[in-house]
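What follows is a set of notes on a single structure, which appears directly below.
The values are calculated or read from the model by the stated rules, or taken from the named source; none is laboratory data. Computed from a predicted model, the values in this text were never measured in an experiment. Neighbour counts run over all protein chains shown; Cβ positions are idealised from the backbone, glycine included. Surface areas here come from the heavy atoms of the whole protein model, side chains and all, with no ligands, DNA or RNA. Shrake-Rupley method; radii C 1.70, N 1.55, O 1.52, S 1.80 Å.
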Amino acid sequence: MKKFIVAAFLALAGAFLFADNTVAVLEFETKDADLRSKMPILTDIFRSELANTASVNVVDRANTDKALAEIALQQSAIMSSANVKSVGNILNADYLVLGTVAVLIDDPETHSEFTTREEEVNGGLVGTVGKGLFGDSAKKTRTVTDEHKYVVQEKRINVVVQMLDVETGGIVASSRLDIPKWSEFSKYASDLAKPLSARLGGMSKIRKVDPGMFYGEWECEISNNGIVDYYLINFGENNRVTVTVESTNRRGKTTTSKGRGRFVYSQEDKVFALTVNAMAGGVEHITKINWKSIVSPSKDGRSFTMTVPVSSLEGSAKVRGDFYRAD
């Protein structure tokens, strides 16, 4: 039984190693009152198209909506680098996708349409004398062209999506789509998703890890449901680790807990694990630490990212933790 559990865990770890980039699609925004109620539908259609791509793991709508409700941010506020990272951490996403929908109305253009008709000319070639002599047989017709003017003002739905890197806050890919009406969005949503999918296919958030990089002191700040936990972790010799946590609750009160444990990084299955069996102190929601995750280090080796389980009075969750070298 134990061998089966270990094998299952390694298989799961291997799956995470080669897992797709994680993307959170935030609900599209619009300033058009007539389209506002359509935003959840358009977002879900696009989210589904993106999820069908082999290189993408898309955060489901329920988790995305819940996270945004907790921090009460609009897209315009999310665009700052700090907020991109904050939202990405909460959703455990590598990238955020923001979308805007607008109704574009072209300048009015005047067009002309021409029609022709036959008009009778009385008298024929010999004028009134001829008409008096020959009657109706002296009639003549001519072709008359009439001009009809009308104004044309084209209207179309414009959708723009931007994909932001959680680590840098920068835009890494964007796409634009024009459709005649919103109900046709599903026909073209795949075209809107393709540029983002192509970009994600060429990027990998998993980098080679040097086990020696962990030695030393690291810090990480994690926010969850209004509680801010600041971790100071010292990785020492013989896989020993010392962890200090300062936690600030919603009322601004700070408590501290400390503990000692072990860490390990397996180059074979690429899994990092950190265990502290008992944390002593006043942080009630952190009595022990048991982390297992794929780690993604920065290019310079001075920071790394991993999935961190957190808990509070509202329950447990997994968030993105960004660790930075403190020494």
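Out of 147, 167, which single residue is at pLDDT below 90 and exposed (fewer than 10 other Cβ atoms within 10 Å of the Cβ)?
Result of the check over 147, 167: 147.
Given the criterion at pLDDT 80 or above, part of a strand (DSSP E or B) and loosely packed, with under 11 Cβ neighbours inside 10 Å, identify the matching residue among 110, 116.
Checking each option against the conditions leaves just 116.
Tell me, which residue of the stretch 286-311 that is assigned to a loop (DSSP other than H, G, I, E, B) and modelled with pLDDT under 90 is most open to solvent (accessible area, probe 1.4 Å)?
Taking the candidates together, the pick is 299.
Would you point out which residue out of 175, 183 is among the small types (Gly, Ala, Ser), in a strand (DSSP E or B), at pLDDT 85 or above and open to solvent by less than 80 Å² (accessible area, probe 1.4 Å)?
So the residue among 175, 183 that is among the small types (Gly, Ala, Ser), in a strand (DSSP E or B), at pLDDT 85 or above and open to solvent by less than 80 Å² (accessible area, probe 1.4 Å) is 175.
Would you check which residues across the stretch 58-83 are at pLDDT 80 or above and under 17 Å from residue 173 (Cα atoms) and list them?
Across the stretch 58-83, the qualifying residue is only 58.
Find the residue count for the stretch 161-171, including only residues that are of a type in the set (A, V, I, L, M), in contact with an Asp or Glu (Cβ under 9 Å, 6 or more places away or on another chain) and under 14 Å from residue 24 (Cβ atoms).
Selection size over the stretch 161-171: 1.
Which one of the conditions (1) at pLDDT 85 or above; (2) in contact with a strand residue (DSSP E or B) (Cβ under 8 Å, 6 or more places away or on another chain); (3) open to solvent by 40 Å² or more (accessible area, probe 1.4 Å) does residue 251 fail to meet, given that it meets all the rest?
(2)
Within the stretch 41-64, how many residues are part of a strand (DSSP E or B) and of a type in the set (A, V, I, L, M)?
Residues in the stretch 41-64 being part of a strand (DSSP E or B) and of a type in the set (A, V, I, L, M): 2 in total.
Yes or no, residue by residue, for (1) assigned to a strand (DSSP E or B); (2) at positive phi; (3) under 27 Å from the mean Cα position of the chain (by Cα); (4) of a type in the set (D, E, K, R):
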| residue | (1), (2), (3), (4) |
| --- | --- |
| 189 | no, no, yes, no |
| 192 | no, no, yes, no |
| 198 | no, no, yes, no |
| 252 | no, yes, no, no |
| 263 | yes, no, no, no |
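Report the residue count in the stretch 42-56 for those that are open to solvent by 50 Å² or more (accessible area, probe 1.4 Å) and modelled with pLDDT under 80.
1
Across the stretch 265-282, what is the total count of residues that are open to solvent by less than 50 Å² (accessible area, probe 1.4 Å) and not in a strand (DSSP E or B)?
Adding up the residues that qualify gives 3.
Can you name the residue in the stretch 91-107 that is open to solvent by less than 40 Å² (accessible area, probe 1.4 Å) and not in a strand (DSSP E or B) and is also farthest from residue 167 (Cα to Cα) among such residues?
For the stretch 91-107, the residue satisfying everything is 91.
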